[in-house]
Amino acid sequence: MIVRDLWHPRTLLAAGAGAALLAAVACGGTAAPAPAQTGDTGGSSTGSSQPSAAATPTLDPFAGVQEPTPTANLAATNTPVPVPTAMAVDERPEWWIEGESKHYRGDFPLVATSNPGFWDVHYGGSMNTVLIPSGPRFNQLLEYNPVSPGEIIGDLAVSWESYEDGDEFGYIFNLHPDANFSDGQPVTADDVVFSINRITLGQVEEGVLRARTGFLNNFVKYGTASAIDDKTVKIPLRFPAAGFLPNLASDYMKIYPKHVAENLTQEQANKGVVQVEAVKAINAGTPTSLIGSGPWMLREWEKDVGYTFDRNPNYFKEGRPFFDGLRIFLIRDTARRISALQTGQVFGTYQPVTGSNRPEDMARLEEDSNGQVRAFILEASGIQAFFLNHDKPPFDDARVRRAFYLGLDRDLGVEKSILGFGQPGTFFAPGVVEDLEGLRATNPAYGDREAALTEARQLLADAGLADGFEITLNVVNSNPSLSSAEVVAPQMREDLNIDIVIEPTDLATMYVGLRDGVANFNSVGTGIILRDPGDIINQFYLQDVLRNPHNWQNDRVDELINLQNREVDPAARQAHLEELAGILHQGESHWLPYFWYSSGGALDYRIRNFYYPATVQLIKKWDHVWFDEDRAPLPAGVKGYQP
């Protein structure tokens, strides 16, 4: 067996590096000199390195975060690969030491917008109803570096390496020696193997839902991960894949305790049980809910009121998190939420960025608070779309689905729903696969409105619906989902005689309706994890995932998904993706993008060390941030949140 130390045990450049590493494996090349080291690995990091300054948005939402360009994500450039070096697991950088010195006594108050829904992070796919209420209880093997978000570092893993053994290729991960679950049991290789198998269980069992984690099925065959010893895990891959590590580092890829999770039904795993009761049941030999190894333990939660976390006193990243507790208030109403932020009842948005916090509101809040509360804005970070139940009338007819695709006035949606803070919805992240100007020139759905409506009316007539139809829209009762519904309903009534009855509900209930087919027409905004096209494919076009609840399928789409997963050459992969986009733009799938929107949030200027992630779905543990009561007010000319 050949083992290649192609990755620093603590850092991997996330943007473009995956493809370069894959090229290095294929070519058998030697690793280039390591770049300057930053970040930590849950107890293993450079003691003297300081995080470099992150790009900071101004109050113009489109002058915000400088994300990796789409071509950099796809191109197999000759990116330097960090070289492994020995690291002490108890070594800590200066920011960590400073955070400990600023430890906040008591519960730190924050605000969120939605009730928890599903508490099983493997199962659910919503940031607001799954990841932020449940995720901080757990760790992953890898994570995106909270102080340098363009890098991947170890979370439970202190090091990892690729290997080749004949035709087999994969990774070996070494676990942190001091990591324990919150019931005191150690995190072992068996827990990791169990978690990987649980995520990929849908390969051998029917009806297993893995909304955000299902993408792992493309890379890992169920049952192939193994424990070399208590702290060493081997994960073979189906094929060398540049997308494996970036997806493994997603905040959804949690490691669960085998001794607990293997005894739970799916219904029990989706329940939020407070830590005291959960551990009591575990000790009695009858687990009733999940626990984790993460920085926070659930103390209490009450629907429509909020939830509270206690700091995990035995967290293996010693000294973190830097608060005794977190108290999350649920305030759905935008005006009340802004008032709570402006008056100091809460110190920030817990997400911290979500589409429910409109960029223009956050910018205005910063001005109205004289810079006390700072706007936090990510551009084109979410996609607002419509879900069509292709199993039931009228959307069981592909002609009706295409008519709806053609009939959507996406430019009107951008103008009226989000006040211009976005762009018309494409199937993949802006600029990565589709060219919007090219679509305007060649696709009537994006350019020639008259031609689009003429074809849409003919399709409806051919389907026996020349007089239109009435449909109920199951939609989230917050923006931009609700505002988009209020724009599209009169537009479709006027243009195609489709009468949309808006039925707003909370996010958790909306997802249940989507999943169970209660509604034939649904709308919700979704934040992407990665700008890479694989993230969209994972969420919307695999089988048995939350956002493809009735398993829409197309043979050529399936072929192209497999081809782009395996393709090493960036140009060839891009060609597969462009063909895939062309099929989706026929408008016959279950999912129709409306617009890409920017997301907002706000943090008190005294909150330190939160660096802008590439997307809204990354870096959700709140274990690296502190509150500095002694921080001087920021200069008048400085706009936006500053770490």
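Multiplying the sequence separation of I97 and T505 by 0.36 nm and subtracting their Cα-Cα distance, what value in nm do you get?
Here the answer is 142.5 nm.
Quick one, what does Rg over Rh come out to for region 512-560 if you take C-alpha atoms and the Kirkwood Rh?
Using Cα coordinates only, the ratio equals 0.99.
Suppose the Debye formula is applied to equal point scatterers at every Cα of region 228-278; what is log10 I(q)/I(0) at q = 0.16, 0.22, 0.28 Å⁻¹?
Each listed q maps to, in turn, -0.76, -1.03, -1.16.
Over every pair of different alpha-carbon atoms in region 281-340, take the mean of 1/r and invert it; report that Kirkwood radius in Å. Please report the intermediate quantities before stating the final value.
Values: mean 1/r = 0.0728 Å⁻¹.
Taking the inverse mean of 1/r over all distinct Cα pairs, region 281-340 comes out at 13.7 Å.
Which order, highest average first, do 139-149, 163-173, 282-292 follow once you tally other Cβ atoms within 10 Å for each residue and take the mean per peptide?
Sorting 139-149, 163-173, 282-292 by mean packing, highest first, produces 139-149, 282-292, 163-173.
Using the heavy atoms of the protein chains alone and a 1.4 angstrom probe, what is the accessible area of region 388-428 per residue in square angstrom?
Dividing the accessible area of region 388-428 by its residue count gives 33 Å².
Show which lysines lie in cross-link reach of K620 when reach means a straight Cα distance below 26 angstrom and same-chain residues fewer than eight apart are skipped.
Reachable lysines: K102, K231, K254, K258, K271, K303, K317, K639.
In Å and whole numbers, how far do the C-alpha atoms of region 99-148 stretch along each principal axis, longest first?
37, 27, 17
Using only Cα atoms and rounding to the nearest 10 degrees, what angle (0 to 90) does helix 449-462 make with the longest principal axis of the chain?
That works out to roughly 80 degrees.
What whole number of Å gives the distance from the Cα centroid of region 112-188 to the Cα centroid of region 390-453?
36 Å
On alpha carbon coordinates alone, what is the Rg over Rh value for region 425-549, Rh being the Kirkwood radius?
On the way: Rg = 16.2 Å, Rh = 16.4 Å.
Radius of gyration over Kirkwood radius for region 425-549 works out to 0.98.
Take the alpha-carbon positions of region 339-428, form their convex hull, and give its projected area averaged over all directions (one quarter of the hull surface) in nm².
The number I arrive at for region 339-428 is 7.8 nm².
Regarding region 123-162, what is the average projected area of its C-alpha convex hull, in nm²?
4.0 nm²
If you take the square roots of the eigenvalues of the alpha-carbon gyration tensor of region 507-626 and sort them as a ≥ b ≥ c, do you get rounded (a/c under 1.5), prolate (a/b over b/c) or oblate?
oblate
Please state, as a whole number in µm²/s, the translational diffusion coefficient that the Stokes-Einstein equation yields for the chain at 20 °C and 1.002 mPa s, with Rh defined as the Kirkwood radius across alpha carbon pairs.
Answer, rounded: 86 µm²/s.
Roughly how many nanometres apart are two label points built 7 Å out from the Cα toward the Cβ at Q543 and D304?
4.1 nm
Over the Cα atoms of region 401-493, what is the Rg over Rh ratio if Rh follows Kirkwood? Could you put the intermediate results ahead of the total?
Details: Rg = 14.0 Å, Rh = 14.3 Å.
Across region 401-493, the Cα-based Rg/Rh ratio is 0.98.
Rounded, prolate or oblate: which one fits region 178-300, using the alpha carbon gyration tensor with axes a ≥ b ≥ c (rounded when a/c is under 1.5, else prolate when a/b beats b/c, else oblate)?
Taking the square roots of the gyration eigenvalues as a ≥ b ≥ c, region 178-300 is prolate.
Taking only the alpha-carbon positions of region 172-233 and ignoring solvent, what does the Debye formula give for the base-10 log of I(q)/I(0) at q = 0.14, 0.30 Å⁻¹?
At q = 0.14, 0.30 Å⁻¹ the computed log10 ratios are -0.45, -1.17.
Label-point separation (nm) for T334 and A466, each offset 7 Å from Cα along Cα-to-Cβ?
Those two pseudo-labels are separated by 4.2 nm.
How charged is the neighbourhood of V524? Take every other residue with its Cβ under 12 Å from the Cβ of V524, and add Lys/Arg as +1 and Asp/Glu as -1.
On the way: positive: R515, R547; negative: D506.
For residues surrounding V524, the net value is +1.
Rounded if a/c is under 1.5, else prolate if a/b beats b/c, else oblate: with a ≥ b ≥ c from the C-alpha gyration tensor eigenvalues square-rooted, which is region 239-387? Don't jump to the answer; show the numbers that get you there.
Numbers: a/c = 1.99, a/b = 1.48, b/c = 1.35.
Prolate is the answer for region 239-387, as a/c is 1.5 or above and a/b outweighs b/c.
Which value in nm describes the separation of the simple spin-label points at V276 and E450, placed 7 Å from the Cα toward the beta carbon?
Placing both labels 7 Å beyond Cα along the Cβ direction yields 7.1 nm.
Using 0.36 nm per residue, how much length does the chain from L563 to K392 gain when fully extended, once their Cα-Cα distance is taken away?
Extra length available between L563 and K392 comes to 58.5 nm.
I'd like the carbon and sulfur percentage of the solvent accessible area for the chain, probe radius 1.4 Å, heavy atoms only, ligands and nucleic acids excluded.
On the chain, the fraction of accessible area on carbon and sulfur atoms equals 48 percent.
The values are calculated or read from the model by the stated rules, or taken from the named source; none is laboratory data. Only a predicted model underlies this, so the values are computations on that prediction, with no experimental measurement involved. Cβ: placed from backbone, ideal geometry, glycine included. Neighbour counts: every protein chain shown. Each accessible area value is taken on the protein alone, full model and side chains, heavy atoms only, with ligands, DNA and RNA left out. Shrake-Rupley method; radii C 1.70, N 1.55, O 1.52, S 1.80 Å.
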